[in-house]
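Below you'll find the structure, written out as structure tokens, and then a few comments.
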Amino acid sequence: MSPGAIASMNDDLISEPATLGPQGLRGLFNRLQDQQPEGGRLEAFVEEVFAELSRELHLAAVLVYAERRDSFELRIGYGGYPAPVDPVPKDCPCLRLVLQHRVYIFADPLEPASPWTCRLLPCQPAAGVVVGRRPHRHALFFLLEEGWVRDHVDFALNVLRAGLGLRLLEERVQSNLREAAEVQESLLREEPPVLPGFEIACRSLPAELVSGDFCDFVHVSHDLVGFAVGDAAGHGLPAALLVRDVVTGLRMGLEKHLRMEYVFSKLNRVIHRSNLSSRYVSLFYGELETNGNLAYVNAGHQPPLLARKDRLQELRMGGAVIGPLPDVTFRRGFLRLDPGNVLVLLTDGLVERKGLRGEFFGEERLKTLVQENYETPAGDLADRILEATLAHGGGQPWDDDVTLMVVRRQGE
């Protein structure tokens, strides 16, 4: 649940009669926001609700049912009432009313659709509430004691439904994102390959659970390594899905030993025709031989830097970004890494990192840092660049995905 949602609920609670115990409800939902247990959240929270509000709302017991395909099954109960363990069919009259109205109070235990006639609860007033979304809903049935007040029970259960429903939805989204992050990590995460005479280091920092950046390697042969750095538009899950398609397409084309220009043109057409054609991805791919020869294509990506002892060179040869246009021509660039030379590849999240006064880290700072650390090992240089960029932003969280690769040819 977002802080804004909690704040809105708390404002509503303040306007209610004091007999409702607004501080109790406020405290419950604040704890729901702050705590991050891995499992049993709903059951633990319902137990807290029952313990904190049973006296004020005159609650005798509560039963928690979880949705299955054709029924709701009992998960747990509080208050000592021995609930029936048989699943409750979805066409049960009392359950149908709760699912329809979200909150329903059975004031008369003898009405035809009461939980008493369904044998869920004894013959006394009750209230039901449903939280969550199909097919992961939970139905809660509260047994009411003498002295209960309809307005108070109705208000409290509506607050419970709204707040807990938001929290359950957030947890499910986060769970799906975690699964997506695991899939992405299994697809992309790989130790840099060993290429005789070279040091290769790679760092990637997602702004969210899943990233729109990627760093990938292709094992071409024992003396030739392919490597790619890319950046899909945006970040989060939509960008991560585009990354998946681009990495898969790139690998498939390169495994067929096709020229990299052709692979890029084919990949561009596939992405353009997909449902994600309104999005785009910048991509740099290079193939490096043990003798230092490098062939590459830069598809609209942040230009990598080749640092020589006395100068820097930007690698720009290639073409436009992948996706927006149906037909794009790509050209290969060629150069050579001499002993001691350093190649730095990055995504724009690094140079566009903002300082506390809003200024970008920028390419000039990066170039100066690379030149000052020309003889630094690849892994140490990557770490120094990230440390400097993080410090530039005052240690604040990254607001964009950041990926960095450093390739250094060892000196003779």
Check your understanding: So what is the diffusion coefficient of the range 73-169 in µm² per second by Stokes-Einstein at 20 °C and 1.002 mPa s, using a Kirkwood Rh over Cα pairs?
Key -> 156 µm²/s
Practice item. Only residues of the range 66-86 count here: report those whose backbone N is under 15 Å from the spot 7 Å along Cα→Cβ of Glu145, or say none. Key: 78-81
Study note, to complete from the structure: The ³J(HN,Hα) series, computed from each phi in the range 89-99 with the Karplus coefficients 6.51, -1.76 and 1.60 at θ = phi - 60°, rounded to the nearest Hz and given as x for glycine or proline, is x, 5, 8, 4, x, 5, 5, 4, 5, 5, 5
Review point. What is the distance, in nm, between label points placed 7 Å from the Cα along the Cα-to-Cβ direction at Arg69 and at Glu111?
Key: 3.3 nm
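Coordinate-derived values only; no laboratory data. Everything numeric here is computed off the predicted structure, so don't read it as measured data. Quick reminder, even Gly has a Cβ in these numbers, built from the backbone with ideal geometry, and neighbours come from all protein chains shown.
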